[in-house]
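Shown next, in structure tokens, is the structure this report addresses.
The values are calculated or read from the model by the stated rules, or taken from the named source; none is laboratory data. All values reported here derive from a predicted model rather than from experimental measurement. Cβ coordinates were reconstructed from backbone atoms using ideal geometry, including for glycine residues, and neighbour counts include every protein chain displayed. These area figures cover heavy atoms from the full protein model, side chains too; ligands, DNA and RNA do not enter into them. Shrake-Rupley method; radii C 1.70, N 1.55, O 1.52, S 1.80 Å.
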Amino acid sequence: MRILGISGSLRRGSHNRRLLRAAGDALPPGAVLVEWEGLGGLPAFDEDLEPTPPEAVQDFLDAVEEADALLIATPEYNASLPGALKNAIDWASRPFPDNVLRSKPSAVIGASTGLFGAVWAQADVRKTLKASGAHVLESELPVGMADAAFDEDGGLADPDLAERLHDLVSDLVREVAAPVEQSA
């Protein structure tokens, strides 16, 4: 089972990339997390380019299509999701309703250096994915105070958070194993 991991942060030392890697380590046997690292290379969404998307966009759409599920780790910028992440979701949402997100099992997690762990951004990502037709888990994993949230091995230092991450990715894997019915 292939889970496509997308970090909403472009920063090399991103806490959300670390969170994705911790999620990959928490996956049950038989599931693998593949990180997609092309977020910064996507051009701004342009409906005129939909019929023949630029190569970077087509590569992204292919990666989403080939994945069994999505796991998005988002930071929070100005009380919402980052623009580059929203742009990627916009590309993936087209053409509606028959897009690569349609009924795709998806989960959203997030880390921030503040207390609240990007909860508003996570809610916005879930809302945008749902509006695009994805099958989105309602669970969230806010990792606040991210500067101190990880141990030296890259895992979550707080055992309760680590258990919640394990439960969330296990739920995502179960959603893939028991596909939702598509509406006619």
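Specify the angular offset, from 0 to 90 degrees and rounded to the nearest 10, of the alpha carbon long axis of helix 83-92 from the longest principal axis of the alpha carbons in the chain. Relative to the chain, helix 83-92 is tipped by roughly 50 degrees. Convex hull of alpha carbon positions in the chain: directionally averaged projected area 10.1 nm². I need the phi-derived Karplus couplings for the range 112-127: 6.51 cos²θ - 1.76 cosθ + 1.60, θ = phi - 60°, integer Hz, Gly and Pro marked x. Each residue's phi maps through the Karplus curve to give 8, 7, x, 6, 9, x, 6, 5, 5, 4, 4, 5, 5, 5, 4, 4 Hz.
For Gly114, the amide hydrogen comes within under 5 Å of the amide hydrogens of Met145, Ala146, counting only partners 5 or more places away or on other chains and with H modelled in the peptide plane. Its convex hull of Cα atoms gives the range 67-114 a direction-averaged projected area, equal to a quarter of the hull surface, of 3.8 nm². Given a 1.4 Å probe and every protein chain left where it sits, what share in percent of the accessible area of the chain is carbon and sulfur? Summing carbon and sulfur atoms, their accessible area is 50 percent of the total for the chain. When you filter the trypsin sites (Lys or Arg not before Pro) in the range 1-46 for DSSP loop state and at most 11 other Cβ atoms inside 10 Å of their Cβ, you are left with Arg11, Arg12.
Taking the alpha carbon gyration tensor of the range 78-184, what are the square roots of 5 times its eigenvalues, largest first, to the nearest whole Å? Spell out each step's value before the answer.
On the way: eigenvalues 145, 64, 19 Å².
They are 27, 18, 10 Å, listed largest first.
The residues of the chain have, on average, 49 Å² of accessible surface per residue, using a 1.4 Å probe with all protein chains present.
The range 38-91 gives an Rg/Rh value of 0.98, both radii derived from C-alpha positions and Rh following Kirkwood. Sparse packing (at most 13 other Cβ atoms within 10 Å of the Cβ) combined with a DSSP loop state is found for the following GluC sites (Glu not before Pro) in the range 19-67: Glu37.
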